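Q: Quick one: structure below, then a few questions.
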Amino acid sequence: MTESAEVALQYLVRFRSGQDYKHVVDDEGRVPVIGSGGPFATASSHLYDGESVLFGRKGTVDKPLHVKGRFWTVDTMFYTELSDAIDGRWLYYWATTIPYGLHSTDTAIPSMTSSTLGRLKVPLLPTATQRRMAEYLDRETAKVDAMLRKLGDLAERLRLRRATAGSRLFSMGFENVKLKWLMDEVDIRAGEANSELPLLSVSIHHGVQLREESTSNQRAGADLTSYKVARAGDIVLNRMRAFQGGLGQVHVDGLVSPDYSVLRPHSRLSPAWAEHAMRSPEFIGYMSQRLRGIGSVDQGNVRTPRINVRDLLDLPIPFTSPEEQYGVTSHLDEVIAEIDAMLAKVLRLRELLTEHKSALITDVVTGKKEIA
């Protein structure tokens, strides 16, 4: 296809600023209030009535939206009044191809101006061609989106299987023993001697992992002397996220935040067994039922539950001989490794489909791909 002429966007649309919505918000209203993530409230009045493409002004600037009818958009968004020379759906697809990072202001909060957006060059195409491209992309992207949803559902099922693997320990008839008879809390501070150990954090989905700061310049100059030393085989607990599974086994010596707790299993308790049991839905349920609200900290105006480790150690987990612990956890580790491998393939396929969708839109709206 012959390369199309281009025109600045400001000659095809008029940018208008969104406004604060608090004075029009109405739970019984029929007008959607739209932010960068889509509609999130309703209003009693509208800011605009018609077809429009919304652009982020501050914060999330890389998520354009296509809307029709009456709406109110927030003051961190622009809406557009479209001329007869532009098809709204086609403009939305074109807007998803903008490299927003190259155009947003270099500040702590990403920002875009209407003048910057207005200077962007748009292919000058007949509106009939624009509509034909938009209809084609509606069909093709719908197919990709359907596949992405199926892969997303599969990923969630795999995550659920992974999260519930430790439930087997609670269904095999083992004796329940309180944690305080199986592990101790340890509080060894890094000081100067251990401050070069890698930094560790707790992931809700994947347990204890190395923090990126361990190998970045962010570590330089930080005072780590008050951090706690965790040894391989310890259990690290994020006291404010343990109710969600924020705990796990340490695999390499490292440093953890002073807000974490470090638990050291006795010789007769396998760290892997402890991790499987304590990250299971059953144990997380025990914590939620018996410990939530016992301790909490203020974060802004919200009281966030915080576990008292002495109360935690009073909770039971299934327990058996070291030999049986080894056999059961080895099997669970194999099951989880298989799930992780499948999950990695699913997530990679989602990435490839997302890249394919993005490339397809770019090729079509720029005329590089011929459509029937």
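The values are calculated or read from the model by the stated rules, or taken from the named source; none is laboratory data. In this text the structure is predicted, and so the values were computed from the model without any measurement. Cβ coordinates were reconstructed from backbone atoms using ideal geometry, including for glycine residues, and neighbour counts include every protein chain displayed. Heads up: the accessible areas ignore ligands, DNA and RNA and are worked out on the full protein's heavy atoms, side chains in. Shrake-Rupley method; radii C 1.70, N 1.55, O 1.52, S 1.80 Å.
Q: For Tyr286, put the label point 7 Å out on the Cα→Cβ axis and report which residues of region 305-326 keep their amide N under 16 Å from it.
A: Flagged as within label range: 307-321.
Q: Using the Karplus equation 6.51 cos²θ - 1.76 cosθ + 1.60 (θ = phi - 60°), what ³J(HN,Hα) coupling, rounded to whole Hz, does each residue of region 113-123 give in order, writing x for Gly and Pro?
A: Couplings: 10, 5, 5, 5, 4, x, 7, 5, 8, 10, x Hz.
Q: Name the longest site-free stretch of the chain, where the excluded sites are trypsin sites (Lys or Arg not before Pro) in a DSSP loop with no more than 15 other beta-carbon atoms within 10 Å.
A: Values: sites that count: Lys22, Arg30, Lys68, Arg231, Arg268, Lys368, Lys369.
After excluding every exposed loop site, the longest remaining stretch is 69-230.
Q: Continuing with this model, one more query. Provide the net charge surrounding Leu353, with neighbours chosen by a C-beta distance below 13 Å and charges set as Lys +1, Arg +1, Asp -1, Glu -1. Display every interim value, and only then the final one.
A: On the way: positive: Lys143, Arg149, Lys150, Lys345, Arg348, Arg350, Lys357; negative: Glu140, Asp145, Glu351, Glu355.
Result for the neighbourhood of Leu353: +3.
Q: For Lys150, go through the lysines and keep the ones whose alpha-carbon is under 25 Å away, minus same-chain ones fewer than eight residues off.
A: Here the lysines satisfying the reach criterion relative to Lys150 are Lys63, Lys345, Lys357.
Q: Here is a follow-up. Quick one: with all protein chains in place, what share of the accessible area of the chain is carbon or sulfur, to the nearest percent (1.4 Å probe)? Each step should come with its number before you reach the end.
A: Details: 9660 of 19810 Å².
Accessible surface attributable to carbon and sulfur in the chain totals 49 percent.
Q: Need one number: convex hull volume per residue for the chain, Cα atoms only, in Å³.
A: On the way: hull volume 70.9 nm³, N = 372.
Dividing the Cα hull volume of the chain by its residues yields 190 Å³.
Q: Related question: Under 5 Å between amide H atoms, partner at least 5 residues away or on a different chain: which partners does Thr73 have, H built in plane at 1.01 Å?
A: Sorted by chain and number, the residues that satisfy this are Gln19, Ile34, Leu47.
Q: Taking θ = phi - 60°, what integer Hz values does the Karplus form 6.51 cos²θ - 1.76 cosθ + 1.60 yield along region 254-261, in sequence order, with x for Gly and Pro?
A: x, 10, 10, 4, x, 7, 8, 10
Q: For region 1-149, take N as its residue count and report Rg(C-alpha) divided by 2.2 N^0.38 Å.
A: Values: Rg = 15.9 Å, N = 149, 2.2 N^0.38 = 14.7 Å.
Cα Rg divided by the expected 2.2 N^0.38 Å: 1.08.
Q: Mean Kyte-Doolittle hydropathy of -1.0 or higher plus an axial Cα length of 27 Å or more: which whole DSSP H helices in the chain meet both? Kindly include the intermediate steps, with their values, before the conclusion.
A: Values: long enough: 127-163 (51 Å, -0.82); 322-365 (63 Å, 0.11).
Going by DSSP H runs, the hits are 127-163, 322-365.
Q: While we're here: For region 77-167, report the translational diffusion coefficient in µm²/s to the nearest whole number, using Stokes-Einstein at 10 °C, 1.306 mPa s, and a Kirkwood Rh over Cα pairs. Write down the numbers at each step before the final one.
A: On the way: Rh = 16.7 Å.
D, rounded to a whole number, is 95 µm²/s.
Q: Another one. Straight-line reach only, C-alpha to C-alpha below 14 angstrom: list the aspartates and glutamates that Lys368 could link to, leaving out same-chain residues fewer than 8 apart.
A: Glu3
Q: If you roll a 1.4 Å probe over the heavy atoms of the protein chains, what accessible area per residue do you get for the chain, in Å²?
A: So the chain comes to 53 Å² accessible per residue, rounded to a whole number.
Q: For region 22-82, restrict the atom set to alpha-carbon positions and state the Rg and Dmax in Å.
A: Both quantities, over Cα of region 22-82: 10.7, 31 Å.
Q: Same structure again: Under 18 Å between alpha carbons, and skipping anything fewer than 8 positions from Lys22 in its own chain: which aspartates and glutamates qualify?
A: Candidates past the 8-residue exclusion: Asp75.
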